[in-house]
Amino acid sequence: MVHVSVLRMLGRPVTRGVALLEYSTPRQYSSGPFRARDNARDARAFFTTPIFYVNAAPHIGHLYSALLADALCRHRRLRVPSAAATRFSTGTDEHGLKIQQAAAAAGLAPTELCDRVSAQFQQLFRDAGISSTDFIRTTEARHRIAVQHFWGLLKARGLLYKGLYEGWYCASEECFLPEAKVTRQPGSSGDSCPVSLESGHPVAWTKEENYIFRLSQFREPLQQWLRGDPQAITPEPFHHAVLQWLEEELPDLSVSRRSSHLHWGIPVPGDDSQTIYVWLDALVNYLTVIGYPNAEFKSWWPTTSHIIGKDILKFHAIYWPALLLGAGMSPPHRIYVHSHWTVCGQKMSKSLGNVVDPRTCLDRYTVDGFRYFLLRQGVPNWDCDYYDEKVVKLLDSELADALGGLLNRCTASRINPSGTYPVFCTTCFPSEPGLVGPSVRAQAEDYALVNAVATLPKQVADHYDNFQIYKALEAVSSCVRQTNGFVQRHAPWKLNWESPVDAPWLGTVLHVALECLRVFGTLLQPVTPSLADKLLSRLGVSATERGLGELCFLPRFYGHPCPFEGRRLGPETGLLFPRLDQSRAWLVKAHRT
């Protein structure tokens, strides 16, 4: 019975949600400006991070997950400005044996430890500009109601049974491991100790009577779901990995522990001798924050996109979808998976003393600087390496020198004494390349620049849709370099505003450069919100002119009026991004003169 209903459910279309947001194909420079489509303005989207375990303070891996979700959410808001159309949740996972043990080791009650560490996550996310609409703690009453209702639904559908469950249990990972995933290594006393093959964490043979979920019934439905939607899990190697896991036997899953062993959790409804398995408890948070079990959750769930680390892929891509199908719901719309951060080539570890404190990084590199570094350098497909010199080199090169230098050049009083958006001269820069005339000054490379920036919003949107934010930033950075080349090529500081020959071209060069900067500032808002605000404010771009729907690049080139032409620039805001390596600060000063 479960099989038939689940397969019927999976036959329904799964193309709803954020992926429905589309952009028109970017027109070439001879056709007109880029604009966003309006056909999905009312579509909803719901983004989630994992909820983070409170057994230790947050590190940069936690922040990276939150930043990926934040950037996706902010970009979505630029496309669909309605505040009610987008939700974004994060939070802390506060139950389980690991919390119980960590609290005991610290001489604290579990609730004290949870309050302390959850507050650290909340403060970090506020400091880092994480724009979540909900921060959930699994110790909240609303969550207990949701979990116990979800449990009752599984039980009513005949998917839970009580039985003897035994196997290797890893307290650090809060899960049972099959024999093939366990190895032995010398312990502190020299004895051979069983450990997790993948993580190296100790495991112990456990045998107890628990409630068990009929996971084995869902192997075929899960395969059908993934084969029917190749983008369900992104990037593709993780989608492939899950399908490979599903080629193996899928045993039933223990979903409770004895309360005498684990008391810090949510009791099984009607059986106080059992505590609900921490992963089932934690996963239901995604339903809690959208109102489950009330009916309102139904309008949000089909649009859900989970952003998770690769270490919790099995829980989110096998156990969670199976539990949802068992409860009569569809799997998540998307599961976006990212890899981990190493430090100078080594895995972050307390024992190695190389855990990077994200709060220190935010102070040292600025909030926008560190956001940019993690999202620019982080590649979801594979682990990425952190070291201080890399951060400094990237931020100085791309934010201080390239982007900041470009803004300083084009707004400096020596080059732009009127402090306005200059007039674009169509005779100097005609829309048809190859025209010849005494006033024509545009070169082939200049048309290539216009085309590159005109197509940039579509390119960036595609990268966001494919969970490749690093590629979106790479594309923006490439166009910034092209724009600097354009300014360097035509050297407006050598032109004279008093000359009737120079003035139209000088104004056009600045106009094009400022229009490029306006596009860059708009597209950088999801990643560096404060820096982008500073840039757009300096250009005189109002708050209502910063969405992607309003991003009409270089309209005078296409024969349309430009609302910015002749407008006064915003007030001087100083350096857009001060150099971190002051030994080469003279470069910035040179750009400002």
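So here's what we get for this one:
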{"item": "From 84, 103, 71, residue being on the phi < 0 side of the Ramachandran plot and open to solvent by 30 Å² or more (accessible area, probe 1.4 Å)", "result": "84"}
{"item": "Condition met for residue 338 (closer than 20 Å to residue 63 by Cα, of a type outside the set (Ser, Thr, Tyr) and surrounded by 19 or more Cβ atoms within 10 Å (Cβ to Cβ))", "result": "yes"}
{"item": "Selection count, region 416-429, where residues are part of a loop (DSSP other than H, G, I, E, B) and within 40 Å of the chain's Cα centre (by Cα)", "result": "7"}
{"item": "Selection count, region 206-231, where residues are more than 21 Å from residue 280 (Cα to Cα) and touching a strand residue (DSSP E or B) at 6+ places or on another chain (Cβ under 8 Å)", "result": "2"}
{"item": "Meets criteria (among the polar types (S, T, N, Q), outside any loop (DSSP other than H, G, I, E, B) and within 26 Å of residue 338 (Cβ to Cβ)) for residue 244", "result": "yes"}
{"item": "Criterion (of a type in the set (Ser, Thr, Tyr) and touching a helix residue (DSSP H, G or I) at 6+ places or on another chain (Cβ under 6 Å)) met by exactly one of 542, 530", "result": "530"}
{"item": "Region 128-157 residues that are over 16 Å from residue 295 (Cα atoms), paired with ones that are acidic (Asp, Glu) and exposed (fewer than 15 other Cβ atoms within 10 Å of the Cβ) (beta carbon under 7 Å, 6 or more apart)", "result": "none"}
{"item": "Selection within region 398-438 - exposed (fewer than 15 other Cβ atoms within 10 Å of the Cβ) and without any contact (Cβ under 8 Å) to a residue 60 or more places away in the chain", "result": "413, 418, 434, 435, 436, 437, 438"}
{"item": "Qualifying positions in region 138-182 - of a type in the set (Asp, Glu) and touching a helix residue (DSSP H, G or I) at 6+ places or on another chain (Cβ under 9 Å)", "result": "140, 173, 174"}
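Yes/no matrix, rows are residues, columns are (1) touching a Leu at 6+ places or on another chain (Cβ under 7 Å); (2) open to solvent by 10 Å² or more (accessible area, probe 1.4 Å); (3) at pLDDT below 95; (4) in the same structural domain as residue 149 (by the TED database):
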| site | (1), (2), (3), (4) |
| --- | --- |
| 240 | no, yes, no, yes |
| 255 | yes, no, no, yes |
| 290 | no, no, no, yes |
| 313 | no, no, no, yes |
| 326 | yes, no, no, yes |
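A quick yes/no check of all residues on (1) outside the structural domain of residue 505 (by the TED database); (2) open to solvent by less than 60 Å² (accessible area, probe 1.4 Å); (3) in a helix (DSSP H, G or I):
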| position | (1), (2), (3) |
| --- | --- |
| 440 | no, yes, no |
| 448 | no, yes, yes |
| 457 | no, yes, yes |
| 474 | no, no, yes |
| 480 | no, yes, yes |
| 484 | no, yes, yes |
| 493 | no, no, yes |
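The values are calculated or read from the model by the stated rules, or taken from the named source; none is laboratory data. Please read all numbers here as calculations on a predicted model, not as lab measurements. Neighbour counts are summed over all protein chains in view; Cβ atoms, including those assigned to glycine, are modelled from backbone coordinates with ideal geometry. Ligands, DNA and RNA are stripped out before the accessible areas are found, and what is left, the full protein with its side chains, is counted by its heavy atoms. Shrake-Rupley method; radii C 1.70, N 1.55, O 1.52, S 1.80 Å.
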